[in-house]
1. Free of Cβ contacts under 8 Å to residues at least 60 places away in the same chain and aliphatic (A, V, I, L, M): is that true of VAL51 in this structure?
2. Sort out for me the helices (runs of 4 or more DSSP H) sitting completely within segment 1-111 that have 1 or more residues that are within 16 Å of the ligand (Cβ to nearest atom) and not aromatic (Phe, Trp, Tyr).
3. On the basis of being closer than 16 Å to LEU33 by Cβ and free of Cβ contacts under 8 Å to residues at least 40 places away in the same chain, does VAL87 make the cut?
4. Kindly provide the set of residues from segment 184-197 that are open to solvent by 30 Å² or more (accessible area, probe 1.4 Å) and over 21 Å from SER232 (Cα atoms), ordered by number.
5. I'm trying to understand the selection: among the residues of segment 136-154, which are more than 12 Å from the ligand (Cβ to nearest atom) and in a helix (DSSP H, G or I)?
6. Tell me whether segment 117-124 contains one or more residues that are outside any loop (DSSP other than H, G, I, E, B), within 15 Å of the ligand (Cβ to nearest atom) and not acidic (Asp, Glu).
7. Residue by residue through segment 191-201, note down the ones that are under 26 Å from GLN155 (Cα atoms) and either in contact with a Pro (Cβ under 6 Å, 6 or more places away or on another chain) or away from the ligand (no atom under 16 Å from the Cβ) (or both).
8. Here is a list: SER186, SER159. Which entry is within 17 Å of the chain's Cα centre (by Cα), outside the structural domain of LYS73 (by TED's automatic domain parsing) and either over 29 Å from TRP225 (Cα atoms) or within 11 Å of the ligand (Cβ to nearest atom) (or both)?
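The values are calculated or read from the model by the stated rules, or taken from the named source; none is laboratory data. Keep in mind that this is a model prediction, so the values were computed, not measured. Ideal geometry is used to build each Cβ from the backbone, glycine not excepted, and the neighbour counts take in all protein chains shown. The protein model used for the area step is the full one, side chains on, heavy atoms only, and it has no ligands, DNA or RNA in it. Shrake-Rupley method; radii C 1.70, N 1.55, O 1.52, S 1.80 Å.
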Amino acid sequence: MHVFTTHSGLTSYLSAFQDSSLTIGCVPTMGALHKGHMALMQKAKSETDLVVATIFVNPTQFNEKADLTNYPKPLAKDIGMLEAAEVDVLFLPTESVVYPPDFEAVQVDLAGLDLVMEGKFRPGHFAGVVTVVHRLLELVEPNRLYMGLKDYQQQAIISHMIEALRLEVDLIPCPIVREDDGLAYSSRNARLTTKHRQIASSIHNVLLKCKQKCASDPVKEVRVWAIDALNSAGFRTEYVEFVDGKTLQSIDRMDDHSLVIACVASWLGEVRLIDNMVMKGRL
Ligand code: AMP
């Protein structure tokens, strides 16, 4: 695997690919890699000629300093996993490569997609995400961008950005990868205590139950039930929202929408977990 920390190193290697008809797939991550990330790498490998993984813990998308400070950074392990998966290139830029002194963040109207759920509870988060993903696209110039549906709102916002700016890249949303008990893989799971890890899978179980309940009960009632079920299991729930899969606005009636996603953010101790599930329709 080739590892580059500078833009010039990366582009001099990638230019031969960019000049040819070969396709480049990019998988942006913040490191602390797990099976969720590796599924994105595998999909990118099977669909493109060259895979560029990026690891950059982007300070501008952290709204809480402690979350940034505590974010795990097991770089040697990450490199080993990427090598074992035969990823072609790792781009490991420093902060000054991503944000040089003359850097100006791209401006995009996000049509309100950034004002709900994560956007409401993590002010500034999506401005940071849009800025860094746009910048990584500028640096890597991939044909395809692989992102996980674990961060449903994030991929919806990036899809909107790509369309709004008419960027020449295809976004490939990838399914959520879960542990055996249903907990979605996340770099933050490593910070759960043993006791909290045991109850963490309740999020998935509650979402499964929501899907059943939505067939017969009003959305409002299912939502109240879900918040109560999570909090009774030991979580501190920030939100459970049933949203239209395109607009991300909360819905009242399932019948009025072809794609409905239930999204959750909930705390276990000091760890904030997010998850989601399709309640109606297909992605
Ligand atoms: P992160 O390192 O958390 O920024 O995640 C990098 C990419 O991996 C994002 O596109 C995430 O949505 C995706 N991802 C993280 N966890 C999972 C998972 N459990 N299943 C699928 N994709 C994931």
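1. Working: free of Cβ contacts under 8 Å to residues at least 60 places away in the same chain: yes; aliphatic (A, V, I, L, M): yes.
Against the criterion (free of Cβ contacts under 8 Å to residues at least 60 places away in the same chain and aliphatic (A, V, I, L, M)), VAL51 qualifies.
2. Values: elements: 7-18, 35-47, 65-70, 75-84, 95-98.
The qualifying helices (runs of 4 or more DSSP H) are 35-47, 65-70, 75-84, 95-98.
3. Working: closer than 16 Å to LEU33 by Cβ: yes; free of Cβ contacts under 8 Å to residues at least 40 places away in the same chain: no.
Judged against the criteria, VAL87 is not a match.
4. Correct list: TYR185, ARG188, ALA190, ARG191.
5. Within segment 136-154, the subset more than 12 Å from the ligand (Cβ to nearest atom) is 137-144.
Selection gives LEU137, GLU138, LEU139, VAL140.
6. Taking segment 117-124 and keeping what is outside any loop (DSSP other than H, G, I, E, B), we get 118-121.
From what's left, within 15 Å of the ligand (Cβ to nearest atom): 118.
Then keep just the ones that are not acidic (Asp, Glu); that gives none.
No, there is no match, as no residue in segment 117-124 is outside any loop (DSSP other than H, G, I, E, B), within 15 Å of the ligand (Cβ to nearest atom) and not acidic (Asp, Glu).
7. Of all residues in segment 191-201, those under 26 Å from GLN155 (Cα atoms) come to 191-192, 200-201.
If the condition is that a residue be under 26 Å from GLN155 (Cα atoms) and either in contact with a Pro (Cβ under 6 Å, 6 or more places away or on another chain) or away from the ligand (no atom under 16 Å from the Cβ) (or both), then no residue fits.
8. Numbers: SER159 fails: outside the structural domain of LYS73 (by TED's automatic domain parsing).
Answer to the selection: SER186.
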